[in-house]
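K.L.:
Take a look at the following structure, please.
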Amino acid sequence: MAGGDVPRDALVVGMAVTGAAVARQLLARGHRVVACDDRPGAAARQAAADLGVPLVVAPTVDEVKALVDAAGVVVPSPGVPAHHPAIAYAEGAGVPVWSEFELAARWSDLPVVAITGTNGKTTVTTLVTAMLARAGRRVVAAGNTDLPLVDVLDRPLDLVVVEASSFRLRFTESFHARVGAWLNVAEDHLDWHPTFDDYVRSKARIWAHARPGDVAVANLDDPLVATAARSQPDVRWFSTARPADWSCDGERLVGPDGPVVAIAELPRRQPHDLANALAACACAVEAGAPAAACAAVLRDFTGLRHRLSLVGEEDGVRWYDDSKATTPASVLAAVRGFASVVLVAGGRNKGLDLGVLAAAVPPVRSVVAIGDAADEVVAAFAITGAPVVTAGSMAAAVDAAAALARPGDAVLLSPGCASFDWYRDYTERGDDFSRLVLARPGVVAGPPVPEGPH
């Protein structure tokens, strides 16, 4: 995927995991690097010191302009929003702004399978990586995980499976994927992107620089994705609702060459699980895995933690940790697989319309509202008639949900919001919920579930 030269002088904005990796790889290739960070933690400061990179802390606007003027390229970390002064000034001054994906595209020809989407991309990335490994390919997952893409370029690999966030895709000019999948799109990250249209355009860059031989994998059931995909010369469609290259016939997942696996054999078979499985099969087969390897992985896959993972069961009530659900769209997808739900929702809103959560009724029949957005959650369900209570802590939320639940219910922590009001991240939130549930005297723990890339 090599795509051109990289300017000698680089400004890295943000020195967390990805920023430190970018700085390290730039230095290794002979570039001069300066970094800035508005709120560097101890790890960021240490990384800069270890690398010998000058780190400007909380620069003023004038200092930012001077840093950009001295740079040939600006490389923002994924958490740095598009409206950051360094990005805004660089774009106005004609200085390239590239993510680590663009650097990787200019440094390496390593084949890439890239997966983007509002929901499901971590799961699909995990599945595709496992399918290719089962087929004997030397492969790793990188990107929107703890392993940046730039850190795998020199490894002895056949290909890399990349979880492609909108943050990384937005700042690309030549990055392309041998197989590029767009799973779905719904409102998300509007605290980062200036508009929903900007978010969608960023996702669409998964195919913006496709080359002859590249394949697009697209969700026929998502109108925005389907519209964008129709401009691509080579598309593999997946759908759970209609005929497609990869589809469901009611009893089996079916590919271009016939049935792949019986749905009854799959440990995960809710509607979004089937969509993820179809997308993963399409990607893996296009990247060289046989359908038999895909089926074998799907038969063994029990899901990832914090993604509708069963925590335990108590008196006919099943408790689920879906802490990774940080958008209303992901909540609506989660509840579709249940007959009756007590929903625990709220947290820090990412600039999204929580009013759409009303569409979760039914199967949601009662709600526990938590976190900074509790009042918004209450307002969302006010028109539905579903009872809503608020809780000031996760312990109080678990107690309230237990009081509301009855046999046959699923109690679902599916917040629809970020976790940063009460927790460091969604994993800490899900772990706290699970700990509190398992501490209840009558709860029988569910099966262990792998963490997956984070």
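Each row is one residue, and each column tells you yes or no for (1) in contact with a helix residue (DSSP H, G or I) (Cβ under 9 Å, 6 or more places away or on another chain); (2) of a type outside the set (A, V, I, L, M, F, W, C); (3) in the same structural domain as Ile87 (by TED's automatic domain parsing).
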{"residue": "Thr122", "(1), (2), (3)": "no, yes, no"}
{"residue": "Val140", "(1), (2), (3)": "yes, no, no"}
{"residue": "Arg155", "(1), (2), (3)": "no, yes, no"}
{"residue": "Leu169", "(1), (2), (3)": "yes, no, no"}
{"residue": "Val179", "(1), (2), (3)": "yes, no, no"}
{"residue": "Phe196", "(1), (2), (3)": "no, no, no"}
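K.L.:
Kindly indicate the residue of the range 21-41 that is buried (at least 17 other Cβ atoms within 10 Å of the Cβ) and farther than 21 Å from Asp146 by Cβ and also farthest from the chain's Cα centre (by Cα) among those meeting that condition.
P.N.:
His31
K.L.:
Another question, if that's okay. So which residues in the range 120-173 are of a type in the set (S, T, N, Q) and more than 19 Å from Ser202 (Cβ to Cβ)?
P.N.:
Selection gives Thr123, Thr126, Thr129.
K.L.:
Among the residues of the range 307-333, what is the count of those that are in a helix (DSSP H, G or I) and either free of Cβ contacts under 8 Å to residues at least 40 places away in the same chain or among the aliphatic types (A, V, I, L, M) (or both)?
P.N.:
4
K.L.:
If Ile263 satisfies all but one of (1) β-branched (Val, Ile, Thr); (2) surrounded by fewer than 18 Cβ atoms within 10 Å (Cβ to Cβ); (3) under 22 Å from the mean Cα position of the chain (by Cα), what's the number of the condition it fails?
P.N.:
(3)
K.L.:
Look through the range 216-240, keep the residues that are among the small types (Gly, Ala, Ser) and touching a helix residue (DSSP H, G or I) at 6+ places or on another chain (Cβ under 6 Å), and return whichever of them is farthest from Lys121 (Cα to Cα).
P.N.:
Looking at the filtered set, the residue picked out is Ala228.
K.L.:
Turning to a different aspect of this structure: Name the strands (runs of 3 or more DSSP E) wholly inside the range 45-132 in which the number of residues that are crowded, with 23+ Cβ neighbours inside 10 Å is 3 or more.
P.N.:
Here the list reads 73-76, 112-116.
K.L.:
Among Leu357, Leu304, Leu352, Leu343, which is assigned to a helix (DSSP H, G or I), in contact with a helix residue (DSSP H, G or I) (Cβ under 8 Å, 6 or more places away or on another chain) and not hydroxyl-bearing (Ser, Thr, Tyr)?
P.N.:
Leu357
K.L.:
Would you confirm whether any residue within the range 329-350 is at positive phi, at pLDDT below 95 and of a type in the set (Gly, Ala, Ser)?
P.N.:
No, the range 329-350 contains no residue that is at positive phi, at pLDDT below 95 and of a type in the set (Gly, Ala, Ser).
K.L.:
Now a separate question. What number of residues within the range 257-274 satisfy the criterion of being within 22 Å of Val215 (Cα to Cα), touching a residue at least 12 places away in the same chain (Cβ under 8 Å) and out of contact with any Cys (no Cβ under 9 Å at 6 or more places or on another chain)?
P.N.:
1
K.L.:
Could you tell me whether Ala293 is in contact with a strand residue (DSSP E or B) (Cβ under 8 Å, 6 or more places away or on another chain), crowded, with 20+ Cβ neighbours inside 10 Å and in contact (Cβ under 8 Å) with a residue 12 or more places away in the chain?
P.N.:
It is false that Ala293 is in contact with a strand residue (DSSP E or B) (Cβ under 8 Å, 6 or more places away or on another chain), crowded, with 20+ Cβ neighbours inside 10 Å and in contact (Cβ under 8 Å) with a residue 12 or more places away in the chain.
K.L.:
Further question: Listed residues Val34, Val56, Val97, Val61; which is without any contact (Cβ under 8 Å) to a residue 24 or more places away in the chain, more than 12 Å from Val6 (Cβ to Cβ) and touching a helix residue (DSSP H, G or I) at 6+ places or on another chain (Cβ under 8 Å)?
P.N.:
Val56
K.L.:
Next up: Restricting attention to the range 2-25, does a residue exist that is assigned to a helix (DSSP H, G or I), in contact with a strand residue (DSSP E or B) (Cβ under 6 Å, 6 or more places away or on another chain) and β-branched (Val, Ile, Thr)?
P.N.:
Looking for residues that are assigned to a helix (DSSP H, G or I), in contact with a strand residue (DSSP E or B) (Cβ under 6 Å, 6 or more places away or on another chain) and β-branched (Val, Ile, Thr), one finds at least one in the range 2-25, hence yes.
K.L.:
Which number in (1) assigned to a loop (DSSP other than H, G, I, E, B); (2) within 15 Å of Ser323 (Cβ to Cβ) marks the one condition that Leu412 misses?
P.N.:
For Leu412, the failing item is (1).
The values are calculated or read from the model by the stated rules, or taken from the named source; none is laboratory data. Please read all numbers here as calculations on a predicted model, not as lab measurements. So basically every Cβ, Gly included, is an ideal-geometry build from the backbone, and we count neighbours across all protein chains shown.
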